[in-house]
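K.L.:
Before I ask anything, here is the structure I am working with.
The values are calculated or read from the model by the stated rules, or taken from the named source; none is laboratory data. Keep in mind it's a predicted model, so treat the numbers as computed, not measured. Ideal geometry is used to build each Cβ from the backbone, glycine not excepted, and the neighbour counts take in all protein chains shown. Quick note on the areas: whole protein, heavy atoms, side chains included, nothing else; ligands and nucleic acids left out. Shrake-Rupley method; radii C 1.70, N 1.55, O 1.52, S 1.80 Å.
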Amino acid sequence: MDKLTQPKILIVDDKQANLKALRILLEHLDAEILEAPSGNEALGLMVEHELALMLLDVDMPGMDGYEVARMAQSLDKTNGVPIIFITAAYRDDPHRLKGYESGAIDYIEKPIDDTILLSKVRLFLDLHIAHQKTLQVNEELRLEIFRRKKAETDNTELRLAKNRLKDSQKRLQMAMDAAAAGVW
């Protein structure tokens, strides 16, 4: 089995201090951390990389986290990537609901409980790795089935060729018997 690629987490926040805090929190995980200080930069990274998880700030200038999430959900490459919103700005039910409607699987308010966030992140990393392994095993099975079908086809062709050779030998023998001729 080939080595699986290291999972990637995209963190998106317009404040460098928040990006740094999240990076420090996540750096001990077996994952590559990608950072984007804006929604537009996040979209570029989404297209470039296979992501295991996104942590999105809700309140950003230009393109807010909800819009980034909706765009991620509309792309084939990222529509299954789990999104966790992190916010200090919006702590009410209408915004929480808007987050879930945008495609988030969770909506966390600051201050963040590090233990809870890390637990959730680890869970989604584990799910991503399990999914990668499943895809890899499926590909290996597909290749094995292809090899076996090819071998069966080759065996069938060999068997058919042997049968044609036997038929030709029988016809030759019958022709020689009918002609009462010998073979030099």
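K.L.:
As a quick test, which of the pairs 8/98; 20/77; 77/133; 8/150; 98/120 have an alpha carbon distance above 29 angstrom in this structure? Walk me through the numbers on the way to the answer.
P.N.:
Details: 8/98 25 Å; 20/77 27 Å; 77/133 18 Å; 8/150 38 Å; 98/120 21 Å.
Going by Cα-Cα distance, 8/150 fall outside the 29 Å limit.
K.L.:
Please determine, in degrees from 0 to 90 and to the nearest 10, the orientation of helix 65-74 with respect to the longest principal axis defined by the Cα atoms of the chain, where the helix direction is its Cα long axis.
P.N.:
10 degrees
K.L.:
Mind checking the full-extension length gain between residue 74 and residue 59? Use 0.36 nm per residue of separation minus the Cα-Cα distance, one decimal, nm. Before the final figure, lay out the partial values.
P.N.:
Details: separation 15, 0.36 × 15 = 5.40 nm, distance 2.05 nm.
Result for the pair: 3.4 nm of gain on full extension.
K.L.:
Determine the sum of side-chain charges near residue 155: Lys and Arg each +1, Asp and Glu each -1, restricted to other residues whose C-beta is under 14 angstrom from that of residue 155. Can you show the working numbers first?
P.N.:
Values: positive: 147, 148, 149, 150, 159, 162; negative: 152, 154, 157.
Residues near residue 155 contribute +3 overall.
K.L.:
Taking the Kirkwood radius as the inverse of the mean 1/r across Cα pairs, report the Rg/Rh of the chain. Walk me through the numbers before you get to the answer.
P.N.:
Working: Rg = 30.3 Å, Rh = 20.3 Å.
Over the Cα atoms of the chain, Rg/Rh equals 1.49.
K.L.:
Something else about it: Calculate, for residue 23 and residue 148, the FRET efficiency according to 1/(1 + (r/R0)^6) with r their C-beta to C-beta distance and R0 41 Å; round to the nearest 0.05. Numbers along the way, then the final one.
P.N.:
Working: r = 48 Å, r/R0 = 1.16.
Calculated transfer efficiency: 0.30.
K.L.:
Over the Cα atoms of segment 79-184, Rg to Rh with Kirkwood Rh, two decimal places? Walk me through the numbers before you get to the answer.
P.N.:
Working: Rg = 34.2 Å, Rh = 20.6 Å.
A ratio of 1.66.
K.L.:
Skipping prolines and chain starts, which residues have an amide H placed within reach, meaning under 5 Å, of the one on residue 38, given they are 5 or more residues away or on another chain?
P.N.:
13
K.L.:
Taking 0.36 nm per residue of sequence separation and subtracting the Cα-Cα distance, how much length would be gained by fully extending the chain between residue 100 and residue 171, in nm to one decimal?
P.N.:
Details: separation 71, 0.36 × 71 = 25.56 nm, distance 7.75 nm.
Net length gain for the segment: 17.8 nm.
K.L.:
Evaluate the distance, in nm, between pseudo-label points positioned 7 Å from the Cα of residue 162 and of residue 88 along their respective Cα→Cβ axes.
P.N.:
Taking the two extended label points, one gets 7.8 nm.
K.L.:
Just to confirm my numbers, what's the Cα centroid distance between segment 27-85 and segment 93-116 in Å?
P.N.:
Using only Cα atoms to place each centre, the spacing works out to 14 Å.
K.L.:
Now for a different question. What is the percent carbon and sulfur in the accessible area of the chain, measuring with a 1.4 Å probe over the protein chains and ignoring ligands? Let's see the in-between values first.
P.N.:
Working: 6630 of 11780 Å².
Accessible surface attributable to carbon and sulfur in the chain totals 56 percent.
K.L.:
Taking only Cα atoms of segment 1-93, what ratio of Rg to Rh do you get with Rh as the Kirkwood inverse-distance radius? Walk me through the numbers before you get to the answer.
P.N.:
Values: Rg = 13.1 Å, Rh = 13.5 Å.
In segment 1-93, Rg relative to Rh is 0.97.
K.L.:
If you don't mind, there's one more thing I want to ask. When we measure straight from the Cα of residue 162, which aspartates and glutamates land under 13 angstrom away, once same-chain ones fewer than 8 places off are left out?
P.N.:
Within reach: 154.
K.L.:
Taking the chain as a Gaussian network, Cα atoms linked when under 10 Å apart, which of 86, 112, 145 shows the biggest mean-square fluctuation?
P.N.:
Ranking 86, 112, 145 by mean-square fluctuation puts 145 first.
K.L.:
Another question, then. Among residues other than residue 65 whose Cβ falls under 12 Å from its Cβ, what is the net charge (Lys/Arg +1, Asp/Glu -1)? Kindly include the intermediate steps, with their values, before the conclusion.
P.N.:
Details: positive: 70, 98; negative: 13, 14, 57, 59, 64, 67.
Around residue 65, the charge tally is -4.
K.L.:
For residue 137 and residue 50, what does the FRET efficiency come to when R0 = 22 Å and r is the distance between their Cβ atoms, rounded to the nearest 0.05?
P.N.:
Values: r = 18 Å, r/R0 = 0.80.
Efficiency, from the Cβ-Cβ distance: 0.80.
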